[in-house]
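Taken together, the values in this text are just the output of simple stated rules run on the coordinates, not laboratory data. What you see is a predicted model, and the numbers here were worked out from it, not measured in a lab. Here the Cβ is made from the backbone with ideal geometry for all residues, glycine too, and neighbour counts use every protein chain on show.
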């Protein structure tokens with residue numbers, strides 16, 4: 001008994017010392033009492049983000065539900081402060097708080113823990129972790145362990161301690177999981193927030209650890225000691241530690257997902273520690289290979305042997321450690337593959353030889369042993385490649401050369417097929433060139449752009465530049481110049497179609513220094529832009545200086561724009577010739593001949609004035625061609641020597657030329673100045689006489705003028721017609737060169753070969769007119785029996801109306817100049833060289849209206865509708 005008493009006295013002395021350290025005075029002897037009888041060992045573990053400062057103070061206050069609060073300063077330093085507090089009223093629901101202050105008293109950290117249980121005559125264990133003031137938790141960071149509360153701080157062998165964890169997720173919510181570990185003893189439920197720990201049989205110091213994991217997988221740990229002893233005391237001064245484990249983002253690799261065998265892979269790991277601990281990395285690989293440094297966050301790895309299987313899967317694992325027991329592991333899977341080149345399975349080409357603009361279709365089928373995506377690249381050493389076409393593993397392209405191939409070049413096209421690994425296979429196609437070789441000038445530079453073939457620069461050519469079938473050739477404002485080849489002469493067209501469809505736009509074509517060594521005809525004849533048997537268009541272009549012998553050439557060639565089709569072709573081609581400017585041509589500006597339907601509109605043709613070498617024509621429609629010649633400006637077609645005349649617009653056909661007649665052609669709204677013959681309708685039978693049947697040409701509303709007589713025949717006429725029942729009406733003619741009295745028998749306004757006038761005819765169609773409004777123009781003309789313009793002996797006509805109420809006739813389109821006499825009839829005269837009268841009507845009542853003109857024994861009627 002005495003020995004035990006002595007031991008108790010020793011423990012009492014220890015308690016007095018602890019109370020002194022907690023702020024009590026040595027001379028204050030504690031009263032002997034039964035209550036308050038509880039005590040607690042308090043361990044305050046500071047986060048490592050809170051740096052230790054000189055003069056730092058850590059204070060603890062325990063507040064029971066009944067009785068006085070007990071508080072005091074703890075002793076220690078660095079990250080751990082401890083002390084034993086006694087004289088606390090026992091019971092449930094107590095609260096404990098800890099504060100950390102600097103030497104000036106400023107608050108650095110604090111923690112408040114409620115619901116603390118204090119058993120009578122027992123010393124509880126309170127392990128507290130204050131939170132740094134102003135330190136916001138990281139989003140999705142590690143949870144914070146505020147405290148671990150133990151029912152006793154010291155336990156007998158095989159005795160039990162009730163523990164409780166107080167923790168919170170970084171985001172303030174979300175489920176937490178718990179894991180308790182001990183160096184000895186056992187837990188009744190190691191994953192409960194409040195388990196019971198049973199001490200081992202052997203006394204000693206046992207290390208316990210709490211691990212708390214958030215829903216996002218982030219981890220924090222708190223380590224603390226527990227003493228096992230047969231004597232009851234106040235626990236151990238052993239160490240405690242709070243640690244938040246490293247955070248690791250999902251590792252990656254570059255390239256991602258797959259690396260060819262033999263290539264180097266860049267691994268990537270990103271990690272950080274909320275406590276600021278230095279991290280270490282350790283990489284391992286499931287496949288053979290070498291790391292440059294496996295301890296780096298982003299090492300490089302070179303596989304030495306591909307793993308088995310289609311993927312060749314290799315897993316890379318990185319362990320990130322903070323040196324305080326915290327460890328996180330991440331992994332990334334990569335396929336290590338054996339690289340193989342693609343295989344070109346088959347090739348084909350549509351022909352082995354080629355001429356200008358004849359396309360050669362090149363095809364290939366390729367496959368990749370590993371199913372990688374393939375790219376097809378086509379390159380040519382000369383000529384032009386159209387945009388390539390791909391369909392899965394099949395590729396094709398068309399090759400052509402438009403004008404020439406350099407003399408020392410064999411055309412080849414190289415196909416390179418490349419897979420996603422960068423490995424390639426090649427095939428070379430060879431083409432025999434059977435056309436012109438280049439001389440002093442390289443081929444014209446062209447490229448594909450927006451579906452068109454674009455000229456990229458001015459160029460010079462010694463031969464024809466052919467246009468591939470169906471292609472739009474866009475000159476982009478550039479100039480193509482034709483020159484003689486060394487030791488020879490330029491023959492044929494500068495631009496020429498190759499297939500059945502062609503389009504030309506925005507190009508300038510010219511000739512420079514062409515000699516006249518011999519005269520050529522047909523396809524060998526000189527032309528600027530020539531279509532043969534092709535539909536399409538020629539627009540917004542210029543042809544200039546297309547002549548030989550420095551402009552003194554007399555050969556019947558040198559046509560600026562020429563469109564031809566066979567006379568016996570089964571069908572017609574259709575070509576638009578729009579807004580072009582042609583000048584300096586040797587023979588003709590624009591020619592449409594054969595079975596061609598043309599729209600020749602808004603062009604300018606400049607003949608260059610008097611010539612004693614050749615009779616030029618501005619626009620020629622011949623040998624069965626038809627369509628429209630509208631809105632063009634044609635000037636200066638004059639031949640100053642005898643025997644021939646030049647024409648602004650020439651229409652030719654019939655037996656005299658052993659060629660078909662042009663029928664149904666409209667010539668309207670053109671302006672013709674200073675041409676021997678403005679519009680020459682030169683269609684005739686084999687004997688040179690008028691056509692036996694009407695060709696139905698319509699020549700209306702053109703403006704023709706010529707101030708002088710310059711033709712050497714001499715013969716000049718604004719409109720000349722060999723006869724064919726054509727309509728010649730409302731054309732405006734002026735100038736001494738077209739006046740009948742300038743050179744009687746040689747100069748004419750309108751000169752038509754016709755028989756005696758036999759009829760008067762309406763040249764305008766029936767009309768549908770609103771009652772009380774002025775009609776459109778009605779035009780009547782006197783003609784011979786076939787419909788050729790021919791003057792009646794008397795030009796006087798009377799016009800009458802029948803079928804509806806009051807009708808008045810007028811001379812003007814505003815219906816202000818009345819024809820006299822009134823009351824349904826009026827007098828007028830056939831006027832001018834076109835022997836026509838133009839008048840208008842106004843009817844007051846709706847209904848059918850028959851208008852009749854009479855004169856010189858002939859009459860004609862036309863029915864109109866008045867609404």
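Observations on the model:
- Taking other C-beta atoms within 10 Å as the exposure proxy, 532, 634 rank 532, 634 from fewest upward.
- When percent of Cα pairs over 37 Å apart is calculated for this entry, the matching label among (1) 68; (2) 50; (3) 58 is (1).
- Separation in nanometres of the label points that stand 7 Å from Cα toward Cβ, at residue 858 and residue 469: 5.3
- Debye equation applied to the C-alpha atoms of the range 343-433, log10 I(q)/I(0) at 0.18, 0.21, 0.26 Å⁻¹: -0.74, -0.94, -1.31
- Put a dot 7 Å past the Cα of residue 476, heading toward its Cβ, do the same for residue 820, and the two dots end up 7.1 nm apart.
- Over the chain, relative contact order from alpha-carbon pairs under 8 Å, at least 6 apart, %: 4
- Taking 281, 585 and counting other C-beta atoms within 10 Å, the order from fewest to most: 281, 585
- For residue 136 and residue 121, the difference between the fully extended length at 0.36 nm per residue and the C-alpha to C-alpha distance is 1.4 nm.
- Relative counts (whole %) of C-alpha pair distances in the range 759-866, using bins that are 5 Å wide: 2, 13, 26, 26, 18, 9, 5, 1
- Tail beyond 17 Å, pair distance distribution of the range 587-674 (Cα, percent): 47
- Only Cα sites of the range 113-266 enter the Debye sum here, all with the same form factor; the resulting log10 I(q)/I(0) across q = 0.09, 0.16, 0.18, 0.21 1/Å is -0.38, -0.87, -1.04, -1.30, listed in q order.
- Sites residue 329 and residue 266, calculated FRET efficiency, Cβ-Cβ separation with R0 22 Å, nearest 0.05: 0.65
- Length available on full extension from residue 215 to residue 338: 0.36 nm per residue minus the Cα-Cα distance, which gives 40.2 nm.
- FRET efficiency for the pair residue 441 and residue 764, taken as 1/(1 + (r/R0)^6) with r the Cβ-Cβ distance and R0 = 45 Å, rounds to 0.20.
- Judged by the mean number of other Cβ atoms found within 10 Å, the most tightly packed of the peptides 50-57, 853-860 leads the ranking 853-860, 50-57.
- Taking each residue as 0.36 nm, the span from residue 428 to residue 290 lengthens on full extension beyond its C-alpha to C-alpha distance by 45.6 nm.
- With the cut-off at under 19 Å, measuring from each backbone N in the range 561-579 to a point 7 Å along the Cα-to-Cβ line of residue 668 picks out 575-579.
- Residue 456 paired with residue 734, simple spin-label distance in nm, labels 7 Å along Cα-to-beta-carbon: 5.2
- Every helix of 4 or more DSSP H residues in the chain counts as -39500 (n - 2.57), and over all residues that averages to -1000 deg cm²/dmol at 222 nm.
- FRET E, pair residue 349, residue 409, Förster distance 22 Å, beta-carbon r, rounded to 0.05: 0.80
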